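See below for the structure under consideration.
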Amino acid sequence: MTRIELKVDGATVSDDVEPRMLLVQYLREKLGKTGTVIGCDTSNCGACTVHLDGRSVKSCNVLAVQADGAEVTTIEGLATDGELHPVQAAFHECHALQCGFCTPGMIMQSVDLLKDNPNPSEAEIRVGIEGNLCRCTGYHNIVKAVQTAAGQKTEA
Amino acid sequence: MTATQDAPTTEPRLEIGRDRRRKEDQRLITGRTKWTDNIQINGMLHLAMVRSPFAHAKITNIDVSEAKASRNVVDVLTGADLAETQGVLINAWPITPDQVTPTHLPVPADRVSFAGEIVAVVVARSQAEARDAAELVDVDYEELPAALDLKEAAADTVLAHPDLGTNKSALWKFDSAEAGTGGDVEEAISKAREGGVVIEREFRQQRLIPAFMEPRSTVVDPTGEQLTMWSATQIPHILRFALAATTGMPESKIRVIAPDVGGGFGGKLQTTPEEWITVAVARRTGKPVKFTETRSESLMSAHHGRDQWQKLTLAAEKDGTVTGLKVELLADLGSYVSLVGGGVPVLGAFMFNAIYKFPAYHFACQTVLTNKTWTDAYRGAGRPEATFGIERIMDELALELGVDPLEVREKNWIKAEEFPFTTVAGLEYDSGNYEAATAKAKEMFGYDELRAEQKQRRESGDKVQLGIGVSTFTEMCGLAPSRVLGSLDYGAGGWEHASVRMLATGKVEIVTGASAHGQGHETAFSQIVADRLGVPFEDVEVLHGDTQVAAKGLDTYGSRSLVVGGEALVKATDKVVEKAKPVAAHLLEANVEDIEFKAGSFGVRGTDAAVSIQDVAGAVFVAHNLPDGMEPSLDSDATYDPINFNYPHGTHLCAMEVDTETGQVKMRKYTCVDDIGNVINPLIVEGQVHGGLVQGIAQALWEEAVYDDSGTLVSASFVDYLVPTAADTINYDVGHNTTPSLTNTLGTKGVGEAGTIASTPAVVNSVLDAIRQFGVKDIQMPCTPERVWKAIQDGTAGATEDTVGAAAAHFDPATDGEGQSQRHDGNSSEGAGQ
Amino acid sequence: MIPTQFAYVAPTSVEEALAALAEHGDEAKILAGGQSLLPVLRMRLNAPEVVIDIGKIDSLREIRDEGDTISIGAMATYAQILGDAGIRDSLSLLHKAITEVADPQIRHRGTLGGALVHADPAGDCGAPTLALEADLVIQGPGGERTVAATEFFEDLFTTAVGEDEILTAIRFRKHDGWGSHYEKFVRVAHQWPIVSVAASVKVEGGTISEARLGLVNMGSTALRATATEQALVGQPATEDGVRAACDLAAEGTNPPSDLNGDAAYRSHLATVLTRRAVLKAAGSS
């Protein structure tokens, strides 16, 4: 067991964990941050995307012990004072989700994308979320949601 | 409680047809979702499965001693240990009386029949410890020859289940001459051979994997009076029935809950070994038990879809008028006949004739057992396969005749004025307008301009060629009519149930037997109820997916929830209104005959007197002042069983660029105009179409479950099973033409599967259309760059070769151990590595 | 989804890391960015007893402009490299190839050094490292040694880094004045390249004077397309001018056959992609 201490969605937490525990397992099982989900075992799907020290990472591809001392933001910490983050609001507005399983990761990655590039082209959005798989939406409305969150006008 | 209110000055805005944002979203975008894997119960035990690496083998010995001694392991169970306590997995649709059906035990004791089958179960206090111990279970196998190739299996060269004596499970036939729905197809073909046109083609429907995003998970809690199962399933009601039927537990002692479910696409229309095992272990230990699969396990052992060889013979006159269609299918069941199993290709039997007026039709499907993962429903289930076959061969007819593919279709399709139309397969199409949908699609697409560009590129010998693909599809959906299902020997009905509860506060709770997993029922059903009862959209709460709440239902698949479940809801709300009328009359001191219900208000004809439905609900709740003898409840139930399917249709057009130097394809434009009848929520409909399109396009271009020569699934992770990303797809032009369905009062048609059914042939036709000038006749799906390039080189041969059964090394489990990769060297990570 | 049990050490200096390696030998595995190692551990394709996390050794993350060369610390992340203006300007080929590595999340964690030592022949980084003729700095118990890129990749997942050694930096000579292009061929965006070509080309007066070409996934290691490199010299930077030379791109390679394409198709792809990469690098397309 290794002692770790980190900040998750604004709260400081500390636990003894097995070194083999993945960050996503730590979030889900120890902290009950079940908004972050596991969709694959090869780090292709991106469903587990969270922000680690401000950058998007796949939390299945980080050991909990590697996050010692870090700051983690999950989908559950994105809204502030009950106000949805603009990307969350845009996903709702544009019907960018159906079953919703990929949605937390997709939103976290979109937030990261817009941080780097506040006014991305459609092509830049599509490449920017290439590490996140969605099986329901065909991506059409997800792209639209990111454009909307960026304040761009979209058609249909 | 009597109220008099002013007559409304403006008509309230109708909810039906409005692009309401979804109610479901709030929890999904903030991470407050309840997935099965989120559930934790004190003392909960975890399972890890030990799975066979062999496609077909005898289990000669299982040594569990080391695993049992492993830290925090509670038990290790084999098929022999579980024996009768594990129940059995059922086939609900024996398609013929003499169907050959192997017994499907969750954990077989003596023989495995596909790679991935469970041979032992580790029960431990944590998931990690269960997995650790699973590695210590030592299984001895005696490998048996495996039946892998579908055509070879159909010839019984190697038997998937030696004790059955054959791989041929069932032969299902439909013949229009015998059924009295049309002429004799052999006669039509002979006649066409004399002086007409005969097109004979064989198409491959590759094996696909539904690949829902949420891996399956099951939690069973045996404490309390009812055993409670949470499962990532599309079918909580069918699951409860099957559990009761096969484990000896009374149905009333089982509660099944499908909480938030992360996609299904048919892939969670199943009763699974893992569910049965979890129940068996929970009963055995008396403890709550959880099993959540990994993605690799999911791809390997959750059911697959499609996998057919299709032999089609089309007869036509010289002018292109079709005279007959003969369809001979081989369908790969995999190692067992699963829940719907052989019924999936049979659903296609009614759709090969599609929108065309074939006077003669014959369909025969041979289902075949092999030593691969079992197949079952995947989005469209039988209809995508049929639509692919017919829309591919209609293109071949157009090519033979030298006419535009839309022209030959129009010549043969049912004209708008001919509805209702009884097809050669015996179905009555109620409504549609193929001319209008096609005209609109051509215009949106810029058909003529793209054809001109295609000609120009062809003439200039451009390295990038342009192809235009067409698919004018229809489908039967709203899987329901119980009598029809009965006539096909399906083991259940197809009705759906709904309840409406008027709460004391004026809010409305509705309970549906449909079980959503991403479709947006909570929103669409609220819209229907808001209109029917005249209550605010926000005041409607939709409950579903828990057999103790939604006691009756037949769940969600086959594009049935709205057209069957929605109609049940309409009928239940109508009953509420009828029950409320005498109360309103009593409160308003009027005759019940004079009560009119409109926009949530009961009024007295010719007066201003009115009472709202909420006030009536309140009055019924307190029951202080009701008509004599009246039951103090407005709550109503309805069960609806339609007499017919409904038949959405549409015209899909795809423009594809093909890089002739590499074979790479790039979609340029995709336009579809669908007729799905009246639309409840256009936003949700559009989402269903987009998602459906991409799954159909993915079959055409990317996805394939590939096995190697020893029967190991090579595409066993998302590294090799190529689900497309945002970067691989485009925006789609989606239009509608509406002819309301006549088979339900809402006038709706199903939409969940339409995009998937229609798009695959449009895409393949577009790829072929781009490179026909090189003599290319066919390209097997998926149309990989390699196949396209080889087709350009030599016409066709390489384009129909099977995919190489090897994955690249990277970190793919399929490449571990057995050396499936064709790389010349080993593939383990050496040295310290970074 | 759960690795086997391992002990975890997180040294803060290269010396400590080497000591840990010396102590645990082949039972240890070094964890760099972890973007390839963690999936391998999760699927239990490898089960080390000790994981040595070198992520806390700050010195390994440095990117240093050394005049004619740029030294990239083995633990510099892709994101860090992409954000470095010097690399973008003077090692544009490396920059372009790294923009194509996996996806943004992976690029936030993954490291150039980790990828090179992992030595997946389908990885995006080996080919530009070869084409740019980098030197790899390796530290071991006996001190530091430098290995040329051409000597570094030994076989599938095997490099010149010994079991008791650590790759600490990759030193690239600046390629100012060279044109570059990374041509990647995939079926879907999130897969490893089926084939890629990394091209660095010097053009003088419309004629190619020098060319360096790296091939991805054309053998058990990243490879140089030496026959093409030589044949390109003196050719006009036009489609017809480079065609014959690029047709030699697959010479001496031994590409794999898998579900994305057989060896013959890969060989064909190599020639087409090399031509495209060379022309784009030369600014001629």
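For C:V51, the criteria (1) modelled with pLDDT of 95 or more; (2) part of a loop (DSSP other than H, G, I, E, B) hold in every case but one, which is (2).
Here C:E229 clears all of (1) over 17 Å from the mean Cα position of the chain (by Cα); (2) more than 12 Å from chain B (Cβ to nearest Cβ); (3) touching a residue at least 24 places away in the same chain (Cβ under 8 Å); (4) buried (at least 21 other Cβ atoms within 10 Å of the Cβ) except the condition numbered (3).
With respect to the stated conditions, A:E18 is facing chain B (nearest Cβ under 10 Å) and among the charged types (D, E, K, R).
Scanning region B:701-740 for residues that are outside any loop (DSSP other than H, G, I, E, B) and among the hydrophobic types (A, V, I, L, M, F, W, C) returns B:L701, B:L713, B:A726, B:A727, B:V734. Scanning region B:220-267 for residues that are more than 24 Å from the chain's Cα centre (by Cα) and part of a loop (DSSP other than H, G, I, E, B) yields a count of 8. If you check C:D65, C:D58, C:D53 for being open to solvent by 10 Å² or more (accessible area, probe 1.4 Å), touching a helix residue (DSSP H, G or I) at 6+ places or on another chain (Cβ under 8 Å) and of a type outside the set (S, T, Y), only one passes: C:D65.
Any residue at all in region A:51-58 that's within 10 Å of chain B (Cβ to nearest Cβ) and either open to solvent by 10 Å² or more (accessible area, probe 1.4 Å) or not hydroxyl-bearing (S, T, Y) (or both)? No.
Only one of the listed residues (C:V197, C:V161, C:V188) is touching an Asp or Glu at 6+ places or on another chain (Cβ under 8 Å), among the β-branched types (V, I, T) and assigned to a loop (DSSP other than H, G, I, E, B). That residue is C:V188.
Matching residues to (1) among the basic types (K, R); (2) part of a strand (DSSP E or B); (3) within 12 Å of chain A (Cβ to nearest Cβ):
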| position | (1), (2), (3) |
| --- | --- |
| B:A655 | no, yes, no |
| B:K666 | yes, yes, no |
| B:K669 | yes, yes, no |
| B:G687 | no, no, yes |
| B:G696 | no, no, yes |
| B:Q699 | no, no, no |
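Each residue in region B:118-160 was checked for being of a type in the set (D, E, K, R) and open to solvent by less than 40 Å² (accessible area, probe 1.4 Å), and 2 pass. Counting the residues of region A:72-100 that are facing chain B (nearest Cβ under 7 Å), within 15 Å of the chain's Cα centre (by Cα) and open to solvent by less than 10 Å² (accessible area, probe 1.4 Å) gives 6. Within region C:82-114, the set of residues being within 8 Å of another protein chain (Cβ to nearest Cβ) and either at pLDDT below 95 or assigned to a helix (DSSP H, G or I) (or both) comprises C:P104, C:Q105, C:I106, C:H108, C:R109, C:G113, C:G114. Flag not set for B:E541, criterion: surrounded by fewer than 22 Cβ atoms within 10 Å (Cβ to Cβ), over 30 Å from B:G446 (Cβ atoms), within 14 Å of chain A (Cβ to nearest Cβ) and not hydroxyl-bearing (S, T, Y). Of all residues in region C:8-42, those being open to solvent by 10 Å² or more (accessible area, probe 1.4 Å), over 21 Å from C:R109 (Cβ atoms) and either within 7 Å of another protein chain (Cβ to nearest Cβ) or in a loop (DSSP other than H, G, I, E, B) (or both) number 1.
The combined condition, being out of contact with any helix residue (DSSP H, G or I) (no Cβ under 8 Å at 6 or more places or on another chain), charged (D, E, K, R), modelled with pLDDT of 95 or more and in a strand (DSSP E or B), is not fulfilled by C:E183. Candidates A:G46, A:G32, A:G69: the one that is more than 7 Å from chain B (Cβ to nearest Cβ), crowded, with 24+ Cβ neighbours inside 10 Å and either at positive phi or free of Cβ contacts under 8 Å to residues at least 12 places away in the same chain (or both) is A:G46.
Tell me which residues, restricted to region C:82-119, are among the acidic types (D, E) and surrounded by fewer than 24 Cβ atoms within 10 Å (Cβ to Cβ). Those that are among the acidic types (D, E) and surrounded by fewer than 24 Cβ atoms within 10 Å (Cβ to Cβ): C:D84, C:D89, C:E100.
Look at region B:613-631: where a residue is more than 13 Å from B:A585 (Cα to Cα) and a partner is open to solvent by 50 Å² or more (accessible area, probe 1.4 Å) and of a type in the set (S, T, Y), sitting 6+ places away or on another chain with Cβ atoms under 9 Å, you get B:Q614/B:T505; B:A617/B:T505; B:G618/B:T505; B:F621/B:T505. Scanning region B:319-328 for residues that are open to solvent by 10 Å² or more (accessible area, probe 1.4 Å) and under 21 Å from B:Q366 (Cα atoms) gives B:K326, B:E328.
Being within 27 Å of B:E661 (Cβ to Cβ), buried (at least 19 other Cβ atoms within 10 Å of the Cβ) and of a type in the set (D, E, K, R) narrows it down to one of B:D462, B:D430, B:D395, so name that one. Residue meeting the stated conditions: B:D395.
Across region C:58-72, not a single residue is classified as within 14 Å of chain A (Cβ to nearest Cβ), within 22 Å of the chain's Cα centre (by Cα) and closer than 20 Å to C:A119 by Cβ.
Modelled with pLDDT under 95, more than 30 Å from A:T36 (Cβ to Cβ) and either charged (D, E, K, R) or open to solvent by 10 Å² or more (accessible area, probe 1.4 Å) (or both): is that true of B:G248 in this structure? Here the answer is yes, as B:G248 does meet what is asked.
Residues in region C:68-81 that are open to solvent by 10 Å² or more (accessible area, probe 1.4 Å) and either aliphatic (A, V, I, L, M) or assigned to a helix (DSSP H, G or I) (or both): C:Y78, C:A79, C:Q80. Only residues that are open to solvent by 10 Å² or more (accessible area, probe 1.4 Å) and modelled with pLDDT of 95 or more were counted in region B:748-771, giving 1. Of B:V122, B:V158, all but one fail to be closer than 23 Å to B:T218 by Cα and either touching a Leu at 6+ places or on another chain (Cβ under 9 Å) or among the acidic types (D, E) (or both); the exception is B:V122. Scan region C:232-281 for residues that are open to solvent by 10 Å² or more (accessible area, probe 1.4 Å), farther than 25 Å from C:D176 by Cβ and away from chain B (no Cβ under 11 Å) and the total you get is 10. Against the conditions (1) buried (at least 24 other Cβ atoms within 10 Å of the Cβ); (2) under 29 Å from B:E407 (Cα atoms), B:K311 satisfies every one except (1). Among the conditions (1) within 14 Å of chain A (Cβ to nearest Cβ); (2) in a strand (DSSP E or B), C:D120 misses just one, which is (2). The residues listed here are A:D9, A:D81; of these, the one that is among the acidic types (D, E) and either modelled with pLDDT of 95 or more or closer than 21 Å to C:M1 by Cα (or both) is A:D9.
The values are calculated or read from the model by the stated rules, or taken from the named source; none is laboratory data. Quick caveat, the model's predicted, so the values are computed rather than measured. Note that each Cβ is placed from the backbone with ideal geometry, even for glycine, and that neighbours are counted across all protein chains shown. Each accessible area value is taken on the protein alone, full model and side chains, heavy atoms only, with ligands, DNA and RNA left out. Shrake-Rupley method; radii C 1.70, N 1.55, O 1.52, S 1.80 Å.
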